[in-house]
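Have a look at the structure below before the remarks.
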Amino acid sequence: MAINESSLFEKTWHVVVGRPLKATQAAKEEINPVEGLSALSLDALTSVAYGPQAIVLVLVVAGTTALHLVFPITIAIVALLALLVLSYRQVIEAYPQGGGAYAVSKDNFGTHASLVAGASLIIDYTLTVAVSIAAGVAGLVSAFPSLASQTVPLCIAILLVITWLNLRGLGDGARAFLLPTLVFILGLLGIILVGLIHPLAPHIHQLGRLVATRTTATNPTTAIGVLLILKAFSSGCSALTGVEAIANGVPLFRHPRVKRAKQTEMLLGLILGTMLLGLARLAVNFGIQPRSGQTVLSQIMSASVGRHWAYFIVDISITVVLGLAANTSFGGLPVLASLLAKDNFLPHSFAIRGDRQVFNTGVWVLAVLSGVLLIVVGGNVNALIPMYAIGVFIGFTLAQSGLVVHWYRMDPSTRPKRWQPRALLSTLGAVTTGTATVIFLLSKFAEGGWVVVVVIPSFIWLFYRIKTYYNKVAQELELIQQPPASKHLARKESLAPTSFSTLGVPIATESIAIPSKKRLLVIVLVNKVSKLTSEALSYALSMVADKNDVVGLYVEFVGDETAAENLRKSWQEWNLGVRLVCVKSQYHSVVRPVLRFVHSAEVLSHEKIMVLIPVVVPRHWWHRVLQNQIDVVLSSALRRHSDVAVGRVTLRLAEDK
C-alpha cells in the first residue's frame with residue numbers, strides 16, 4: 001500500500017522552507033570562514049552603524065567641543081576587541097562543541113554560573129535582533145525620510161524574511177547574505193579610504209580640524225568628566241556584541257571546525273577594528289554632530305563621497321546587512337537553547353531539529369520575542385541601546401574567568417607548552433570585561449539597564465522551575481529492573497446472536513457480522529526503559545495471547561547511535577521477552593520511520609495493527625509546553641491510515657505533596 005506521508009499543510013510547508021534534509025545531507029548547511037562572516041558575524045560587523053553614534057550621543061551632552069574624544073575612546077574599544085578576539089579563539093579551541101560562555105561556565109564554575117551566562121546571552125541575542133533591524137531601518141529612513149511613518153512595519157517585514165531564511169537552514173541563509181555582506185564591507189571600507197585620503201569636501205575637513213583644535217584648547221578631558229567618558233565608552237562597546245557568536249556556533253562550521261571558526265573570529269576582529277577606527281577618525285575630521293533624521297554613519301558617508309550613487313548603494317547595503325545582522329542571533333540562540341534543553345533547563349522541544357536540520361523552536365521563539373520588543377519600542381534603536389551589551393559582557397566575563405580556571409585545572413600532561421601566556425591573556429580579558437560590565441551597570445542602569453538586571457534572575461528562576469519539573473518526571477519514570485506484570489483481559493471467545501434496540505428502533509442482529517478474533521500486532525513506541533514504558537507494555541501484553549505479537553519500536557537518528565546502543569543494553573538486561581526493533585531515521589523525524597515500519601511487509605502480515613504511544617500527563621496545564629508534543633504529531637499522521645488503530649497510554653504524574 002502506498003504511504004501518503006505528507007498532508008497538504010506539510011507539502012505547502014516544504015515548498016516554503018525546502019524539502020527535508022537527511023542527516024547525511026546536514027553538511028550542506030555547514031559553513032566556511034567567509035560564510036561565517038555573513039552567518040555569525042554580521043551583528044558585530046554592522047555595529048559600526050550604532051556604536052560610534054552611541055559615543056557621539058553621550059559626548060555631545062558636554063557640548064560639541066567634547067566630540068574630539070570619539071577617536072581615543074574608539075581606540076580603547078578596539079583594544080578591548082582585540083583582547084576578546086584572541087580570548088574567544090581560545091574558547092573555540094577548548095570547547096569545540098559550542099555553547100561559548102555557557103559551556104565554559106558550566107565546565108569550570110558549575111550550574112549556577114552557567115545559567116547566568118545562558119540567561120545573559122538569551123537577552124543579548126533577542127536585543128541583537130531588535131537593535132540590528134531597528135538600526136537598519138533607521139539607516140533607510142536617513143536616506144528616504146518619507147519612510148519614517150513605516151518604521152515598525154518595515155522592521156517586522158525584515159524580521160519575517162530573516163526568520164523564513166533561517167527556517168530553510170543556516171547554510172542557505174549564509175549564502176543568501178554573502179553578497180550584501182561583501183558589498184557592505186568593501187563599500188564601507190572604500191568610503192572610509194576616500195574620506196581619509198581624498199578630500200572631496202575640503203570645507204568639512206577644515207571644519208573638523210577647527211573643532212578638534214578648539215576642543216583641545218578650551219575643553220580638556222579633565223573638564224568633561226571621567227563619568228561621561230566612561231558612559232561614552234560603555235555605550236560604544238555595543239559595537240562588540242556578536243564577538244562571542246562564533247564560539248557559540250562552532251558545530252555549524254565544516255570540518256575542521258575549530259580551524260575554520262578561529263579563522264572567522266580573526267577575520268571579524270580585523271575588519272571590525274579597521275572600520276571602527278576609520279569611522280571614528282572621520283567623525284572627528286568632519287566635526288560630525290547628532291542630527292535629527294540622520295545617523296552619524298550616514299553623515300560620515302555623505303561627507304566622504306557626497307549623496308551620489310556610491311552613497312545610496314552603500315546605504316542600501318547597510319540597511320540590508322543591518323537587518324540581516326539579526327542572523328547572528330538566529331545562528332547562536334537556537335544552538336544555545338538546545339544545550340540548555342539537553343540539560344533540562346528549557347523545554348525539550350528546543351533540542352529537536354526540524355526537517356531542515358534546524359532547531360525550529362529556537363528560531364520561532366527568538367522571532368516572536370524580538371518582534372514584540374520592536375513593536376513595544378516603535379522600532380527606535382536609541383531606546384534599545386541602554387539595555388544592550390550588558391548581557392553579552394556578563395557572558396564575556398564568565399567566559400574569560402572560566403578559561404583561567406580551565407588552564408590551571410588542566411592535567412599538566414595535556415597542557416600545551418606555552419599555556420602560561422594563554423592563561424595570562426584570559427586573566428587580562430576577565431579583569432577588563434569585568435570592569436567594563438561594572439561600568440555598564442552603573443552608567444546604564446537608570447536609562448534602562450535595570451531591565452536586564454531584573455530579567456536575568458527571572459530567566460534563571462524559570463530555568464530552575466523547568467529543571468525541577470523534569471527532575472520530578474525522571475523520578476516517576478525511574479528505570480525498571482523487573483518486567484511489568486501482564487494484565488491479560490478476560491475475553492469471550494464467541495458472542496451469541498441476540499436482539500437489541502437502539503433509540504427504540506428494533507435491529508435484526510442476524511444481519512450484523514459477528515465479531516471475530518483476529519491476529520493483532522501491538523507496536524509500542526519506546527524512548528527509554530522506564531515506568532512509562534512498563535505501563536505501555538503492560539497494556540500491550542493484555543491485548544494479545546502471545547508476547548511475539550508485541551513489538552517495542554525505537555527510532556534511531558543517524559549521528560546519535562550511542563543512545564540506541566544504550567537502550568539495547570537496558571532492554572536486554574530488562575529481559576522482558578518482548579522484541580525491540582530499532583529503525584534508523586536519516587531525517588530528524590519520528591513520523592517517517594514509524595510509518596515505514598507500520599507499512600512494512602512484516603507488520604502487514606497481521607490482520608490488525610495497533611500503535612500505542614506512551615504519554616506523560618503533567619500535573620498542571622502550564623507544564624504541557626515542556627512536553628515535546630511528538631504524540632500529537634504522530635497520532636495525526638497515523639490516523640490518516642484507516643487500517644491502523646492508535647492509542648495513547650498515559651501516565652499521570654502524582655500531585656505535589
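The values are calculated or read from the model by the stated rules, or taken from the named source; none is laboratory data. Everything quoted here is computed from the prediction, not taken from an experiment. Don't worry about glycine lacking a Cβ; one is built from the backbone with ideal geometry, like all the others, and counts go over all protein chains shown.
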Check: Before we move on, is residue 335 at pLDDT 80 or above, β-branched (Val, Ile, Thr) and surrounded by fewer than 21 Cβ atoms within 10 Å (Cβ to Cβ)?
Finding: no
Margin query: Which condition from (1) at pLDDT 85 or above; (2) within 22 Å of residue 109 (Cβ to Cβ); (3) in a helix (DSSP H, G or I) is the one that residue 346 breaks?
Written below: (3)
Item checked: Any chance residue 182 is more than 20 Å from residue 128 (Cα to Cα) and either modelled with pLDDT of 80 or more or basic (Lys, Arg) (or both) -> yes
Check: Across the range 579-610, what is the number of residues that are closer than 13 Å to residue 633 by Cβ, of a type in the set (Val, Ile, Thr) and at pLDDT 80 or above?
Finding: 1
Check: So which residues in the range 259-274 are buried (at least 23 other Cβ atoms within 10 Å of the Cβ) and under 20 Å from residue 53 (Cβ atoms)?
Finding: 272
Notebook entry, point to check: residue 97 is checked against (1) buried (at least 22 other Cβ atoms within 10 Å of the Cβ); (2) outside any helix (DSSP H, G or I) and fails just one. What number does that condition carry?
Noted result: (1)
Notebook entry, point to check: Quick check, is residue 318 buried (at least 24 other Cβ atoms within 10 Å of the Cβ) and part of a loop (DSSP other than H, G, I, E, B)?
Noted result: no
Margin query: Going by what's in this entry, would residue 336 be described as in a helix (DSSP H, G or I) and within 12 Å of the chain's Cα centre (by Cα)?
Written below: yes
Next item on the list: Could you grab me the full set of residues in the range 375-391 that are touching a Ser or Thr at 6+ places or on another chain (Cβ under 9 Å) and either modelled with pLDDT of 85 or more or not assigned by TED's automatic domain parsing to the domain that holds residue 168 (or both)?
Entry: 378
Check: Under the condition of being under 40 Å from the mean Cα position of the chain (by Cα) and at pLDDT 85 or above, which residue from the range 521-532 is surrounded by the fewest Cβ atoms within 10 Å (Cβ to Cβ)?
Finding: 525
Item checked: Residues within the range 541-580 that are hydroxyl-bearing (Ser, Thr, Tyr) and within 15 Å of residue 530 (Cα to Cα), tallied -> 2
Margin query: For the structure I just gave you, tell me whether residue 404 is farther than 21 Å from residue 247 by Cβ, among the β-branched types (Val, Ile, Thr), surrounded by fewer than 24 Cβ atoms within 10 Å (Cβ to Cβ) and without any contact (Cβ under 8 Å) to a residue 60 or more places away in the chain.
Written below: no
Checklist line | Scan of the range 436-456 for residues that are among the β-branched types (Val, Ile, Thr) and over 23 Å from residue 115 (Cβ atoms), ordered by number | finding: 439
Check: Yes or no: residue 448 assigned by TED's automatic domain parsing to the domain that holds residue 99 and under 26 Å from residue 111 (Cα atoms)?
Finding: no
Note to self: I'd like to verify a number: residues in the range 268-292 that are in contact (Cβ under 8 Å) with a residue 24 or more places away in the chain and in a helix (DSSP H, G or I), how many?
What the structure shows: 17
Checklist line | Checking residue 167 against (1) touching a His at 6+ places or on another chain (Cβ under 9 Å); (2) crowded, with 19+ Cβ neighbours inside 10 Å, the condition it does not meet | finding: (1)
